[in-house]
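The values are calculated or read from the model by the stated rules, or taken from the named source; none is laboratory data. Treat the numbers as computed from the prediction; the structure is a model and nothing was measured. With ideal geometry, Cβ positions are generated from the backbone for all residues, glycine too; neighbour counts draw on all protein chains shown. Surface accessibility is based on the protein's heavy atoms, side chains included, excluding ligands, DNA and RNA. Shrake-Rupley method; radii C 1.70, N 1.55, O 1.52, S 1.80 Å.
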Amino acid sequence: MNQEETIQIVSGIEGSKFIKDGMFIKETSIPYPARNQKIVDDLRESFRIAQENGEVDYIPLPPVIIFEKNKMKATDMTQGRKNTIIDTHTRVPVNLKNLDEVKAQIEKIGKVAFNAGTKLGMDNYAIVVNPKDSMGRAYVLDVSSLTPIDSHDSLLQIKNSVDAFNDIVESKTQK
């Protein structure tokens with residue numbers, strides 16, 4: 001059975017599809033699927049190595065990211081609206097108990113990505129919050145706009161993006 005045969009539409013979850021093992025998938029259009037696939041593959045491998053070396057505790061990417069034609073399918077990290085996402089588009093305050101831990105995760109993610117040759121802007125980051133315990137984890141969810149680092153990029157610019165996103169998270173969380 002191929003992957004397309006296992007996907008079923010779930011009513012009431014707009015834009016998401018459900019795979020039998022309990023994983024939700026979101027689909028979106030992207031302009032450069034081949035470039036993004038390589039960047040995501042390289043980034044995933046860098047996070048895997050960083051996890052083995054104890055630099056990060058988990059791989060902060062959606063478990064499934066598939067690029068085909070001008071579409072990208074990825075794990076819906078809200079899991080059918082069970083989790084809450086904090087990103088640059090969040091409009092309402094979200095209860096987050098581990099803000100300092102999440103900020104540290106974001107810094108680690110930015111450093112690993114930079115060392116892997118990928119520039120992360122504040123729009124690439126997101127926090128997935130479990131509303132049951134109000135604990136969050138930082139992720140790179142917007143993988144459609146990832147770009148390689150060029151000669152004009154510096155670690156300071158990446159740190160500024162991390163700091164800017166941390167400011168956004170702090171402004172959108174309840175303590």
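If R0 equals 22 Å, the separation of the Cβ atoms of residue 82 and residue 51 corresponds to a calculated FRET efficiency of about 0.35. Fully extending the segment from residue 107 to residue 70, taken as 0.36 nm per residue of separation minus the present Cα-Cα distance, adds 10.2 nm.
The accessible-area ordering, largest first, of the residues 72, 122 stands as 122, 72, per a 1.4 angstrom probe. Using the 1.4 Å probe convention, the accessible area of region 66-124 works out to 52 Å² per residue with neighbouring protein chains retained.
Rounded, prolate or oblate: which fits region 57-123, taking a ≥ b ≥ c as square roots of the Cα gyration tensor eigenvalues, rounded meaning a/c under 1.5, else prolate when a/b beats b/c? Numbers along the way, then the final one.
On the way: a/c = 1.83, a/b = 1.10, b/c = 1.65.
Note, shape of region 57-123 comes out oblate.
For the pairs 38/103; 73/159; 38/71, flag any whose C-alpha to C-alpha distance is greater than 21 Å. As for pairs spanning more than 21 Å Cα to Cα, those are 38/103; 73/159.
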